[in-house]
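Read the structure below first, then the notes.
The values are calculated or read from the model by the stated rules, or taken from the named source; none is laboratory data. These figures come from a predicted structure and were not determined experimentally. Please note: Cβ atoms are built from the backbone with ideal geometry, for glycine as well, and neighbour counts cover all protein chains shown.
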Amino acid sequence: MDSQLDLATYKPKGDKRNTAFFEEFLPRVYERRRQSGIDELVGSMAAVVIQVDHGHAVAYMAELALMTRYRFRECWLMRTHRIHLLAADPAWPRLIVIEPLNPDFEDETTRWNAMYPLSARRPNARYVGEVFHTTSARSVRDILEAQNIRFLYPGDTANPFYAHAHYAHDHLIFSFLSDHTYNRVGYVDLPLDSLAPLDLGDRVLLDDDTERPILEAAERHAALGLEDKILGLDHMATRVLAGEREDAILEYLTMVPYYFWGAYNIHEMNSSTNVTRNPSVTDDKLSPARVFTANNTPSYLNSLVNLPMPTEEFVRNFGRRMHHLAIEVADGEVDGEQNVDYVVRKLQEAGIPFLADIVGECTDQPNLKQIFSKSSDHSLLITEYVQRCKGYDGFFTRENVASLTEAAGHEERYTHGHVFD
């Protein structure tokens, strides 16, 4: 990417036709961001926050240690939650895994999950959102509140992590759940090498028996030869309703210094893939791309055209939420086997299930090879592995996305009563 990208003249890629509303307001969003100071105040992605159900954090961190480069660093105890910090390369965003202390904990996330048949079984499991570096969280809040972006204050939510009364100078802040994606955006103006400066509560040490599964998973990751092949987060993909695609993108671009890279129709799956990226980084792993996927034809009209609609089926079954996290696999091969094939084969040997075969090819031409894992039982998130072969500089291929979407759709159906099928 080009840090000197001129958003006033940039022409988004792709064949997805946007409405006149979107085309009018996209440049106005960019200009307001520039004039208000958001582009200067907000930088790259600092962390990704994921909540799991009570009792699932250690198992989820062990799963992450096997499947990714992220390793447990520290745990903090708040009134309602344990907050776990995980890190990989120091230049990449951290992972923050939060876990309710009580199995009966309830907040707005719990109530939202309860509305949908395939998320209700994990009442507090949800991708929460991204946290961005800023030079002043308070200044960001002041600017965005004037633009009708709502933020949480102490007392607004049952989870004090989102609005902690003891944050000395509002160093970490979070928005309300988005009406369009049901994700949050956070901002932090302190380094996240440790959570200690945030004064979250009491630091607690995991005892040997508790931490052992995480350490053993990390050892197995290394023993399988994955350490130099599995890299950082490449992108995250949220699924939204057809009619909310443009609103979700414009809202996100109001809040962070990303740009609308482009959008492509995935005709076979009756959907579009819409990509936003950070123009100030040369590597998406430094500030991962944020993808929005939506149906082209909404579900209530789809019987008129009889097209597949796995994207909107997912939203109807799970609610608006993050669908998958994509991890980059280093380009290269081992004894004639492409790295992504090697990674998947080794993870399968370790018991990790995948949805279908790897799609795409690495031949003499630049291309992509990708695959989806089955969704985590702890986070409900799918993990994608993507190898960008021979310097491939596009973001995705329509053929690969169609195959991945179809594979995921088979796993995400709910047919009881034929209501959400």
Reported set for segment 101-119 where residues are in contact (Cβ under 8 Å) with a residue 60 or more places away in the chain and surrounded by fewer than 21 Cβ atoms within 10 Å (Cβ to Cβ) is E108, W112, M115, Y116, P117, L118, S119
Do we find that P27 is more than 20 Å from A326 (Cβ to Cβ), of a type outside the set (S, T, Y), without any contact (Cβ under 8 Å) to a residue 40 or more places away in the chain and not in a strand (DSSP E or B) in this structure? yes
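Of the residues that make up segment 36-54, is at least one touching a Gly at 6+ places or on another chain (Cβ under 7 Å), under 18 Å from V204 (Cβ atoms) and at pLDDT 95 or above?
no
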### Task
Would you confirm whether any residue within segment 299-312 is touching a residue at least 12 places away in the same chain (Cβ under 8 Å) and within 17 Å of the chain's Cα centre (by Cα)?
yes
Scanning segment 197-223 for residues that are assigned to a helix (DSSP H, G or I) and modelled with pLDDT under 95, the one surrounded by the fewest Cβ atoms within 10 Å (Cβ to Cβ) turns out to be P197
A careful count of residues in segment 120-161 that are free of Cβ contacts under 8 Å to residues at least 24 places away in the same chain and closer than 30 Å to D377 by Cα gives 3
When you look at D15, is it touching a residue at least 40 places away in the same chain (Cβ under 8 Å), surrounded by fewer than 17 Cβ atoms within 10 Å (Cβ to Cβ) and acidic (D, E), yes or no?
-> yes
Of the listed residues (L118, L172, L177), the one being at pLDDT below 95 and either within 26 Å of H324 (Cα to Cα) or β-branched (V, I, T) (or both) is L118
V329 fails exactly one of (1) at pLDDT below 95; (2) in contact with a helix residue (DSSP H, G or I) (Cβ under 6 Å, 6 or more places away or on another chain), namely (1)
Reported set for segment 262-289 where residues are part of a strand (DSSP E or B), over 17 Å from the mean Cα position of the chain (by Cα) and either surrounded by fewer than 21 Cβ atoms within 10 Å (Cβ to Cβ) or without any contact (Cβ under 8 Å) to a residue 60 or more places away in the chain (or both) is G262, Y264, N265
Screening A59, A8 for residues that are assigned to a helix (DSSP H, G or I) and of a type in the set (A, V, I, L, M, F, W, C) leaves only A59
Log entry, pairs with first residue in segment 183-194 being β-branched (V, I, T), second being not in a strand (DSSP E or B), beta carbons closer than 7 Å, six or more apart or on different chains, reads V185/M255; V185/V256; V188/A137; V188/H171
_Tell me whether segment 132-148 contains one or more residues that are assigned to a strand (DSSP E or B), surrounded by 20 or more Cβ atoms within 10 Å (Cβ to Cβ) and either in contact with a His (Cβ under 7 Å, 6 or more places away or on another chain) or of a type in the set (G, A, S) (or both)._
no
Somewhere in segment 334-343, is a residue of a type in the set (A, V, I, L, M, F, W, C), more than 29 Å from R184 (Cβ to Cβ), at pLDDT 95 or above and in contact with a helix residue (DSSP H, G or I) (Cβ under 6 Å, 6 or more places away or on another chain)? no
Conditions (1) hydroxyl-bearing (S, T, Y); (2) under 20 Å from D39 (Cβ atoms); (3) touching a Gly at 6+ places or on another chain (Cβ under 7 Å) -> S280 fails only (3)
Among residues of segment 70-110 being touching a Phe, Trp or Tyr at 6+ places or on another chain (Cβ under 8 Å) and not in a strand (DSSP E or B), the residue nearest to Y385 (Cα to Cα) is A88
